[in-house]
Amino acid sequence: MSSHHIIREKQEPALYIHQLGDFNEEYLGQLLEWSPTLIVNSTEYEKVVSLGLKVDVVLNPSSRQEYQENTRLIEKMKADILEVLDFLIEEGYQAVNIIDQDGQLPDLIDYFPQINIVIFTTNTKNYAIKSGFKVWKPKGTEFQIPLTNYFETSNLLPNEKERFEVIKDGFVEFTFAGTYLFVREYYDPT
């Protein structure tokens, strides 16, 4: 028995590679599994193409660079990530996964009502949540949550690394005042 998945255009999050660094190639493959629109910063273009990937959009292209056929080129008018977010919102995307080296979200707060943003680094997944957010996580998963925000949660306890750790396999729920809470989730990329 086979299953068929019907994927509508722009249903899957786009993938923007801002800085690939030493991001795990197997995990990159998982992010590319459903063939999202792939946007690449021109500084990462050669590295991404060397992995055998088809690039859909290049941000801030160089006039000295040859690009794959049918690759759309976007000239940057403002900060790279902001330019990509503006482009994706204008194109009707609901979500984007970004690969970067630092995973900072607070500068993007104006975009959260318009598009779901997840920033991946080598070993973290960074995202903003709304109060009432609930997710299933295995025991031992660690979160870093800014202590400037008051929040309540279930199934988490602080640990010695100044992070919060999932107590037992199951749901973790976050309740807080305010619009968003910024969460950094640690994962093992191997």
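The values are calculated or read from the model by the stated rules, or taken from the named source; none is laboratory data. Note that the coordinates shown come from a computational prediction; the quantities given were computed from them, not determined experimentally. Because the Cβ atoms are built from the backbone with ideal geometry, glycine has one as well, and the counts that use them run over all protein chains shown. Accessible surface areas use protein heavy atoms only, side chains included; no ligands, DNA or RNA. Shrake-Rupley method; radii C 1.70, N 1.55, O 1.52, S 1.80 Å.
Worth a mention:
- Rolling a 1.4 Å probe over the protein chains gives residue 188 an accessible area of about 110 Å².
- The translational diffusion coefficient of the stretch 84-170, from Stokes-Einstein at 20 °C and 1.002 mPa s with a Kirkwood hydrodynamic radius over alpha carbon pairs, comes to 146 µm²/s.
- With all protein chains kept in place, the per residue accessible area of the stretch 1-150 amounts to 59 square angstrom at a probe of 1.4 angstrom.
- GluC sites (Glu not before Pro) restricted to the stretch 23-115 and DSSP loop, no more than 12 other C-beta within 10 Å: 33, 66, 69, 75
- Multiplying the residue separation of residue 139 and residue 90 by 0.36 nm and removing their Cα-Cα distance gives an extension gain of 13.7 nm.
- Residues residue 26 and residue 46, FRET efficiency given R0 of 22 Å [Cβ-Cβ distance, rounded to 0.05]: 0.60
- For the stretch 129-134, 3J(HN,Hα) computed residue by residue from phi via the Karplus equation (6.51, -1.76, 1.60; θ = phi - 60°) reads 10, 9, 4, x, 4, 9 Hz, glycine and proline entered as x.
- The stretch 110-190 - percent of accessible surface contributed by carbon and sulfur, probe 1.4 Å: 52
- When the trypsin sites (Lys or Arg not before Pro) in the stretch 117-157 are filtered for DSSP coil states and for at most 11 other beta-carbon atoms within 10 Å of their beta-carbon, the remaining sites are 139.
- Charge dipole magnitude, Cβ of K and R +1, D and E -1 - the stretch 80-190, Cα centre, debye nearest 20: 640
- Placing 34, 136 in order of accessible area, with the largest value first and a 1.4 Å probe, yields 136, 34.
- Only lysine pairs 8 or more places apart or on separate chains count here, and in the stretch 90-190 those with Cα atoms under 21 Å apart total 10.
- Rg to Rh, two decimals, where the stretch 1-144 supplies the alpha carbon set and Rh follows Kirkwood: 0.97
- Selection among 117, 43, 23 by position relative to the dipole of the stretch 1-136 gives 117 as farthest towards the positive end (Cβ unit charges, Cα centre).
- ³J(HN,Hα), Karplus 6.51/-1.76/1.60, whole Hz, each residue of the stretch 21-28, x for Gly, Pro: x, 9, 4, 4, 5, 5, 5, 4
- Residue 131 exposes around 60 Å² of accessible area when a 1.4 Å probe is run over every protein chain in place.
- Assigned charges on the beta-carbon of Lys, Arg, Asp, Glu; the stretch 59-128 dipole about Cα centre (debye): 140
- Beta bridges by DSSP in the chain, antiparallel share as percent, to the nearest 5: 60
- Computed from backbone phi with θ = phi - 60° and the Karplus coefficients 6.51, -1.76 and 1.60, the 3J(HN,Hα) list for the stretch 40-55 is 10, 5, 4, 5, 9, 4, 4, 5, 5, 5, 5, 7, x, 9, 8, 8 Hz; x is used for glycine and proline.
- Of the listed residues 187, 127, the order by accessible area with a 1.4 Å probe, largest first, is 187, 127.
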